[in-house]
Structure formats: C-alpha cells, structure tokens
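I have placed the structure first, in the form of structure tokens, so that the comments after it can refer back to it.
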Amino acid sequence: MRLVVRTAEILGAERLIPITGAHVDSCLYHGEATVDFAERLIDGGAQVTVPTTLNVGGIDLLHPELWRGDPVAAGRGRLLMDHYRMLGCKPTYTCAPYQLADGRPSFGEQVAWAESNAIVFCNSVVGARTERYGDFTDIACAITGRVPDAGLHRTDARRAVLVLRLGPDVPAALMRDDSLYPVLGIVLGRRAGSRVAAIDGLPPGLSEDRLKALGAAAASSGAVAMFHAVGSTPEAPTLDAALQGRDAEEVVDIGMAELRAARDDLTTADGGADPGTPIGIVSLGTPHASLAELRAVERELAGARPAPGVELLVSTARTLLEDAEEDGLAGRLRSLGVELLVDTCSYIAPILRPSPLPAMTDSGKWAYYAPGNIGVQVVFGSLRECVRSAVEGRVWRDADVWGAA
Amino acid sequence: MKGRVLADGAAAGLALVLDEPLSFWGGVDPGSGAITDARHPQLGTSVKGRVLVMRAVRGSSSSSSVLAETVRAGCAPAAVLLGEPDLILAVGAAAAEELYGIRVPVLNLSPAELDSIADGAAVSVSEGGEVTLL
C-alpha cells in the first residue's frame with residue numbers, strides 16, 4: 001500500500017479508485033532484487049485481489065530445453081515466475097494479455113497494467129484505462145486493488161495533444177504493407193515522448209496486429225502510453241474526437257524522408273538492408289504472435305523450410321499455442337522447422353543459436369532492444385520478408401513499397 | 001535549485017548528462033552500471049555513482065527492476081534528475097529503499113534547470129529536493 005500511495009503522490013492524485021484487473025511485469029528476473037521484492041510480499045502473506053495476468057518471465061517453462069545459458073540463472077528465472085503465481089496471479093506469461101480471451105478488459109474498465117507494449121495497447125486499442133505502471137507498482141496495485149485517480153485513468157488526460165499527419169508522399173501501397181507500422185511507431189515514440197498523439201491519414205479499420213506493432217515500437221523509442229489512430233482506435237472515430245474537441249498543441253507532418261530514416265535505423269547490420277545479405281536467425285513474435293500471425297508464417301512459408309543453418313523462431317503465448325496445437329497449426333509449423341517459444345522472448349533469454357550472421361525481425365521493438373540485450377546485429381523487414389529470407393538464407397526484399405530515397 | 005521529489009534522499013556525484021533518453025531495461029547492465037543500449041550515444045559509459053541527468057524518459061516498464069538491481073549490486077547512479085515526472089524510475093528507487101535501506105533520490109526539475117548542469121559538474125542533492133552545483 002505504501003508503494004501505491006507513493007505512486008499517487010507522484011502522479012498528484014487526490015484519491016485512489018478501484019480496478020477490475022491487473023497485468024504484472026515483475027515476474028521477469030532482473031537480478032536478486034526482483035526475487036527479494038517478491039519474497040518480501042510472500043512473507044507478508046500478500047495475495048492479489050483482482051484477476052491478474054502475468055507478463056513474460058525469464059524462461060520457457062513448457063520448453064526448458066531451449067535455454068542455452070547458465071542453469072543457475074534459469075533456476076532464478078523460474079523461481080520468480082513461481083513466486084508471482086503464489087501471489088495469486090494467473091500463469092499466462094505473455095506480453096500480449098490483450099490477445100487472451102480472459103486477459104482482455106472491456107472498453108472503459110480501470111486496470112493497472114505494466115509492460116510498455118501492453119500499456120499502449122490497453123489504452124489505445126482496447127480503450128481500457130491504465131497509467132504507465134512499472135515493475136513493483138503493478139503487483140502493489142494488484143494486491144491493493146486500487147490505483148491513483150490520475151493520468152490516463154481520467155478522460156481529460158486521454159486527449160491527443162500532438163497530431164502526426166501522414167504526408168501526401170506516403171504511398172497507399174506502403175500503408176497496406178505491414179512494415180510501415182513498426183517504423184511509424186518508432187517515429188511516434190521519438191516525436192511524442194510521453195505525450196498522447198493522434199495519427200491522422202492512415203487507412204481506417206487497421207488490424208490489431210498492426211496497431212500492436214505500432215504501439216510496441218512507440219513504447220520502445222519513447223515513453224508512449226497511449227496513441228490514437230484516427231478511424232481505427234475506439235476513442236478516435238474522428239480527429240476531433242481524439243482531440244476531445246480542443247486544438248492540438250502541435251501538428252507535425254510526417255513524410256517519407258523521416259519514415260525511411262527511421263526504417264534504416266532499425267537495421268544495424270552492415271549492408272543488412274540490401275537483398276542478398278546472408279542471415280543466421282529470423283525472430284518473429286515480439287510482442288507475442290497472434291494466431292493470425294502464426295497463420296501468416298505458415299502461409300508465407302508455403303511448404304518450404306528455413307535454409308540449412310537458419311533458425312526461424314516465433315514467440316507466442318502458451319494459451320495461443322494450445323489453440324494452435326488443437327488446430328494442427330503448431331504441428332505443421334514445427335514440421336517445417338519453425339521453433340515455437342512461449343512464456344518468454346528471444347531477446348531476454350539465451351535461446352537463439354549463436355550465429356555470426358545477423359538476425360532478421362519484423363518487430364520494431366525487437367530491432368530496438370536485441371542488439372543491446374543479446375549482442376546481435378539486426379535486419380528489419382516485414383513478416384513476409386522475414387519468412388522468405390529465412391527460406392533463402394539471405395535477405396529477400398518485397399516489391400519496393402518504400403520507394404527510392 | 002529545488003526539484004520536485006519523486007524519491008527522496010541525499011547524494012553527491014559528478015553529473016552524467018545524457019544526450020538521449022535511456023531505458024534502464026535494455027539500456028543499463030545492473031551488474032556494472034554500464035550503458036549497453038547499442039543505439040545510445042553514450043554506449044559504454046557507466047552510470048554508477050553519477051548524478052544522472054535525463055531530460056526525457058523512454059522505454060520499458062522493467063526499468064524499475066533494473067534500477068533496484070543496480071542499487072543492490074552497488075552500481076546505481078547517485079541520483080537521477082529528470083525533465084519529466086517518471087513513475088517507473090521513482091518506484092524502482094522506492095522499492096530499493098524498502099528492500100535495502102539505500103536511497104537514490106529521483107527528482108523532477110525544469111528543462112532550464114537541467115540545462116544549467118554541465119556534464120561532469122559536481123552536484124549535490126539534499127533531502128527535500130535541493131540541488132546544488134558545487
């Protein structure tokens with residue numbers, strides 16, 4: 001409770017309000033401090049008082065053989081995941097709880113979520129309300145069932161103050177391509193920082209997978225906790241609705257030069273943007289892949305297998321994997337040589353085969369963090385480009401929707 | 001200068017003025033304090049014992065844990081001075097104080113005040129949020 005009150009003071013709240021659920025990120029091991037904190041809670045007899053989902057942990061509990069690192073560290077990662085289960089949290093172990101039938105709040109519900117991509121998705125796409133909670137606060141709110149009445153829990157703070165207007169030079173073909181969305185997310189994070197922005201000029205009715213990719217990237221390059229995509233997200237049927245009828249503080253035009261620069265920044269491997277560059281790894285599913293994305297991997301493989309020596313790995317939620325197992329999809333993907341990872345992610349755990357060659361990803365977030373976390377060079381591309389590159393063993397580029405600079 | 005206290009405490013050290021915002025998770029090795037974010041212009045610099053000056057915040061909600069772990073490992077910054085009130089770092093400091101009794105003050109100052117702090121300047125922070133350039 002002390003932590004919740006401290007949070008309320010920082011946010012300038014006058015009172016606490018009840019929540020209907022929580023998503024807790026504290027179960028990922030970052031050293032003994034994280035275990036010490038959980039044990040302090042367990043020793044105090046704490047239990048969550050609202051339905052609470054868990055974020056990814058340090059290891060894949062269902063496929064522990066995929067762990068390539070220090071077994072002691074694996075043990076500590078597992079211990080922390082167990083500790084949070086003992087505190088009453090559901091062992092969902094996914095960074096995308098909004099993809100679970102029983103992990104997704106309804107529009108307007110007050111919740112306490114951690115995990116930067118989940119926070120953005122919750123506010124922006126689901127329309128449930130959370131502040132940008134971090135480790136420790138998330139479980140404190142889940143135990144007390146209360147959050148400060150402040151920030152994005154309140155309607156006025158959900159108003160867009162910044163408008164990003166897509167310029168006339170952004171081609172319609174690019175707007176139909178998956179690769180735009182993580183790149184636009186990187187631009188959004190840089191432009192918005194922690195402000196709520198509305199993006200105007202995108203096609204209406206964008207898929208949740210595209211909004212997920214956009215938000216995850218924005219929360220990596222900035223501290224974005226909410227955005228509006230006019231015509232797609234529930235609090236932005238119109239630009240005026242996103243602005244709550246007021247004027248924007250700032251309007252910025254986003255053109256191809258800025259988008260191309262952001263796309264190029266996502267690739268760190270020398271020459272990696274060019275077709276033909278050899279790759280050793282393809283990592284998809286950051287945030288955790290939806291069933292639609294798992295099906296897209298199968299579709300793009302079209303019966304082919306990754307080239308010899310190339311690892312093609314997709315991370316997803318254990319619950320979605322169960323669905324994919326029932327459907328036969330998981331078996332078909334495995335028989336083509338696809339590795340399926342659950343409960344964790346390939347950039348936080350030693351999972352990938354060591355390779356001197358770069359890793360390719362369709363995720364702005366993975367591209368952002370993997371070089372620092374696991375020391376790989378990264379090539380960014382769409383899901384289609386990633387899967388076909390895995391098959392060819394070298395970078396394959398789609399018909400050029402990005403145009404020449 | 002008087003900052004808004006997000007986490008209280010007293011500290012002194014040399015300023016490390018970050019050129020770009022830094023996510024502690026994915027950006028700092030808690031076992032050494034070194035900046036590991038491959039995209040950060042100050043890659044390789046250590047935050048340990050420094051008065052960290054960061055105008056904007058970004059990134060992961062796991063940064064609370066990573067800040068707390070730097071405290072446990074003895075590699076924490078001496079203090080964190082922010083241009084925005086950031087809950088995630090403030091809570092990392094609060095949790096570390098609960099667990100280990102070690103305080104890392106986290107303060108929110110105005111951009112103009114942060115601009116007056118040069119990289120490498122000796123800075124002291126006293127309880128209640130007073131910031132003095134030595």
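The values are calculated or read from the model by the stated rules, or taken from the named source; none is laboratory data. Quick caveat, the model's predicted, so the values are computed rather than measured. So basically every Cβ, Gly included, is an ideal-geometry build from the backbone, and we count neighbours across all protein chains shown.
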Return yes or no: is B:ARG4 more than 28 Å from A:ILE186 (Cβ to Cβ) and facing chain A (nearest Cβ under 10 Å)?
yes
Please enumerate the residues belonging to the range A:258-270 that are farther than 26 Å from A:GLY57 by Cα and in a helix (DSSP H, G or I).
A:GLU258, A:LEU259, A:ARG260, A:ALA261, A:ALA262, A:ARG263, A:ASP264, A:ASP265
Within the range B:56-70, identify whether any single residue is more than 7 Å from chain A (Cβ to nearest Cβ), of a type in the set (A, V, I, L, M), surrounded by fewer than 24 Cβ atoms within 10 Å (Cβ to Cβ) and under 29 Å from A:PRO287 (Cβ atoms), and answer yes or no.
no
So which of A:VAL147, A:VAL170, A:VAL163 ends up being within 14 Å of chain B (Cβ to nearest Cβ) and more than 20 Å from the chain's Cα centre (by Cα)?
A:VAL147
Within the range A:102-118, take every residue that is among the small types (Gly, Ala, Ser) and free of Cβ contacts under 8 Å to residues at least 60 places away in the same chain and give me the one that is nearest to A:VAL48 (Cα to Cα).
A:SER106
Taking the range B:1-17 on its own, how many of its residues are in a strand (DSSP E or B) and in contact with an Asp or Glu (Cβ under 9 Å, 6 or more places away or on another chain)?
8
Is there a residue in the range A:129-150 that is within 23 Å of A:GLY215 (Cα to Cα) and surrounded by fewer than 24 Cβ atoms within 10 Å (Cβ to Cβ)?
yes
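Counting just the residues of the range A:128-149 that are in a loop (DSSP other than H, G, I, E, B) and touching a Lys or Arg at 6+ places or on another chain (Cβ under 9 Å), which one comes out farthest from A:ARG15 (Cα to Cα)?
Taking the candidates together, the pick is A:ALA128.
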Which condition number in (1) buried (at least 24 other Cβ atoms within 10 Å of the Cβ); (2) on the phi > 0 side of the Ramachandran plot; (3) more than 7 Å from chain A (Cβ to nearest Cβ); (4) not polar (S, T, N, Q) is the one that B:GLY49 fails?
(1)
Residues that are buried (at least 20 other Cβ atoms within 10 Å of the Cβ), within 14 Å of another protein chain (Cβ to nearest Cβ) and not aliphatic (A, V, I, L, M), drawn from the range A:194-248:
A:GLY215, A:SER220, A:SER221, A:GLY222
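What about B:GLY13, is it farther than 29 Å from A:ILE374 by Cβ and either more than 11 Å from every other protein chain (Cβ to nearest Cβ) or in contact with a Cys (Cβ under 9 Å, 6 or more places away or on another chain) (or both)? Steps first, please.
On the way: farther than 29 Å from A:ILE374 by Cβ: yes; either more than 11 Å from every other protein chain (Cβ to nearest Cβ) or in contact with a Cys (Cβ under 9 Å, 6 or more places away or on another chain) (or both): yes.
It is true that B:GLY13 is farther than 29 Å from A:ILE374 by Cβ and either more than 11 Å from every other protein chain (Cβ to nearest Cβ) or in contact with a Cys (Cβ under 9 Å, 6 or more places away or on another chain) (or both).
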Would you please name the residue that is nearest to the chain's Cα centre (by Cα), looking only at residues in the range B:92-108 that are at the interface with chain A (Cβ under 10 Å from one of its Cβ atoms) and under 17 Å from B:LYS2 (Cα atoms)?
B:VAL106
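In the range A:101-122, is there at least one residue being aromatic (Phe, Trp, Tyr) and closer than 27 Å to A:GLU339 by Cα?
The initial filter retains those residues of the range A:101-122 that are aromatic (Phe, Trp, Tyr), namely A:107, A:113, A:121.
Okay, now just the ones that are also closer than 27 Å to A:GLU339 by Cα, so A:121.
Taking every residue of the range A:101-122 in turn, at least one turns out to be aromatic (Phe, Trp, Tyr) and closer than 27 Å to A:GLU339 by Cα.
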Can you name the residue in the range B:72-91 that is more than 7 Å from every other protein chain (Cβ to nearest Cβ) and surrounded by 24 or more Cβ atoms within 10 Å (Cβ to Cβ) and, of all such residues, is farthest from A:CYS27 (Cα to Cα)?
B:LEU81
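Residues checked against (1) surrounded by fewer than 19 Cβ atoms within 10 Å (Cβ to Cβ); (2) more than 14 Å from chain B (Cβ to nearest Cβ):
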{"site": "A:LEU321", "(1), (2)": "no, yes"}
{"site": "A:ASP327", "(1), (2)": "yes, yes"}
{"site": "A:VAL342", "(1), (2)": "no, yes"}
{"site": "A:ARG353", "(1), (2)": "yes, yes"}
{"site": "A:TRP366", "(1), (2)": "no, no"}
Wholly within the range A:1-108, helices (runs of 4 or more DSSP H) carrying at least 1 residues that are within 13 Å of chain B (Cβ to nearest Cβ) and β-branched (Val, Ile, Thr):
A:2-11, A:32-43
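Of all residues being basic (Lys, Arg) and in contact (Cβ under 8 Å) with a residue 24 or more places away in the chain in the range B:1-46, which is surrounded by the fewest Cβ atoms within 10 Å (Cβ to Cβ)? Just the residue, please. Talk me through it step by step, then tell me what you get.
Pass one, the range B:1-46, residues basic (Lys, Arg): B:2, B:4, B:39.
From what's left, in contact (Cβ under 8 Å) with a residue 24 or more places away in the chain: B:2, B:4.
Numbers: B:LYS2: 12, B:ARG4: 14.
By that ranking, first place goes to B:LYS2.
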What are the residues in the range B:5-55 that are among the charged types (D, E, K, R) and farther than 18 Å from B:LEU82 by Cα, if any?
B:ASP29, B:ASP37, B:ARG39
For residues that are hydroxyl-bearing (Ser, Thr, Tyr), modelled with pLDDT of 95 or more and farther than 20 Å from A:TRP366 by Cα, tally how many sit in the range A:181-206.
0
